[in-house]
Amino acid sequence: MNSVQAIIAQVTNGKNAMPSFRARFKPEQIEDVAAYVLEQADKDWK
């Protein structure tokens, strides 16, 4: 995942063992999560 849009798609729709969070979060919240995940990935967070 190297883009906010790709992360948004995965958080929204789920993939493999990760469930969809579409029903739990508002779109703005999903965007915030995606931005945070990408920011942490850019810092080589593991």
State the number of residues belonging to the chain that are in contact (Cβ under 8 Å) with a residue 12 or more places away in the chain and acidic (Asp, Glu). 1
Looking at the structure I just gave you, is Ser3 among the hydroxyl-bearing types (Ser, Thr, Tyr), loosely packed, with under 11 Cβ neighbours inside 10 Å and under 11 Å from the mean Cα position of the chain (by Cα)? yes
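None of the figures in this text is laboratory data; all of them are computed from the coordinates on show. Since we're looking at a predicted model, the values are computed, not measured. When we count neighbours, we look across all protein chains shown, and the Cβ atoms used for this are built from the backbone with ideal geometry, even at glycine.
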